[in-house]
1. What pairs come up if the first residue lies in region 192-212 and is within 17 Å of L182 (Cβ to Cβ), the second is part of a loop (DSSP other than H, G, I, E, B), and their beta carbons are under 8 Å apart, counting only those six or more places apart or on different chains?
2. From G139, G185, grab the single residue that is more than 22 Å from S53 (Cβ to Cβ), in a loop (DSSP other than H, G, I, E, B) and in contact (Cβ under 8 Å) with a residue 12 or more places away in the chain.
3. Output the residues belonging to region 11-28 that are touching a residue at least 40 places away in the same chain (Cβ under 8 Å) and within 18 Å of D130 (Cα to Cα).
4. So how many residues does region 225-249 have that are hydrophobic (A, V, I, L, M, F, W, C) and out of contact with any Lys or Arg (no Cβ under 9 Å at 6 or more places or on another chain)?
5. In region 114-142, how many are closer than 16 Å to L59 by Cα and more than 21 Å from the chain's Cα centre (by Cα)?
6. T317 - would you say it is in contact with a Leu (Cβ under 9 Å, 6 or more places away or on another chain) and modelled with pLDDT of 95 or more?
7. Looking at region 230-249, is at least one residue polar (S, T, N, Q), surrounded by fewer than 17 Cβ atoms within 10 Å (Cβ to Cβ) and in contact (Cβ under 8 Å) with a residue 60 or more places away in the chain?
8. Exactly one of these conditions fails for Y314: (1) of a type outside the set (A, V, I, L, M); (2) in contact (Cβ under 8 Å) with a residue 24 or more places away in the chain; (3) within 23 Å of G104 (Cβ to Cβ). Give me its number.
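The values are calculated or read from the model by the stated rules, or taken from the named source; none is laboratory data. Note that the structure is predicted; figures quoted are calculated from it, not measured. Counting neighbours? That spans all protein chains shown, and the Cβs are built from the backbone with ideal geometry, glycine included.
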Amino acid sequence: MGVETAQFAPERASADELRAWYELFVEVSEAEFPDNPVPPYDSYVRQLRRSSSSQWSRLRWEARDGGRLVGTATATFPIGENSGYCDMAVRVTAPDRRGGVGTGLLRAALPEIRERRCRTIGGEVKADSDGEKWAQALGFHPVLSLTEHRLDLTTADPAQWQVETPPGFRLRRWADTAPDDLVEGFAQALTAMADQPIGEATFTYPVWTVERLRKREADSLKAGQSRRYVVAVDERTGTVAGFTEMVIDAEQKTHGHQGDTGVLSEFRGSGLGLAVKSSMMRWLTADLPHLEQVETMTASENTHMIRVNSQLGYQATYTLLSVESDVDALEAALHGTR
């Protein structure tokens, strides 16, 4: 019979089908990223069943060989500025690679990608991995290198987080919902992320409004994620000059993900990035004593933020490559493969 691909609807899937997806995810992740935390089953299924948010919609496909799940694909379609882009994540079990499973999943997804008028398809692969070789063979090209950094809170030295706030600024913090007196300035600070290093990626940073930000806050709470923020406010003007974000899953409370950190261009060089990230670590460790590890992903060319991470005790672990292909070019490449 061979390998068969089909679209997968998690919201209608049986318990056995959901378990198979989880087990494949764990198998592939542990082989490629052995030190990464594994999400609990319930947390994974909750995220798997999320088919849309205010920022994106999502479709999934699966590949089975004689009924056995051997590969999965997830296509995420951003809403708004990046609507011409499709972010694709393909996972294939190690024994079933080099047999056309991944390319078969891409072929199965192409009609939907075309239907949504996407011009570019991209994703992330670990550097020097089977995934990188597979992507190169299909004509994907690297557009951005990302370095993962990890902070082990069981061995970290809290003295590294004792950083004073630069003169002329005050720090504010909140969980999940931005205060009304800061939300507009915070939206402007998020928009200012547009000048962060992104290599040759076609990604466009969104223009944030209060309405858009409030929708994202609601999305996160619905997904079972808590987002914490520390911002630096210019005492002269009230401008939100810098910020940092931490994301913690409700069912994976021992690990945190350091999200975006940004400083408006006119305030750079004053130490605000280090100040807000240090304050975040003091807050988290005091408020969440069960937290064991924090990880973050930083553009490899962003040497300033990497230096800040190092000052806080983060250690580099591995490198990811963001890769992209023109949809027409990918379709032509797929016609020439098995």
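1. As it stands, the answer is A192/L264; M193/Y205; R212/S54; R212/P206, since those pairs meet every condition given.
2. G139
3. Of everything in region 11-28, those that are touching a residue at least 40 places away in the same chain (Cβ under 8 Å) and within 18 Å of D130 (Cα to Cα) turn out to be L24, F25, E27, V28.
4. Qualifying residue count for the region: 2.
5. The qualifying residues number 4.
6. Judged against the criteria, T317 is not a match.
7. no
8. So Y314 meets the others, but not (3).
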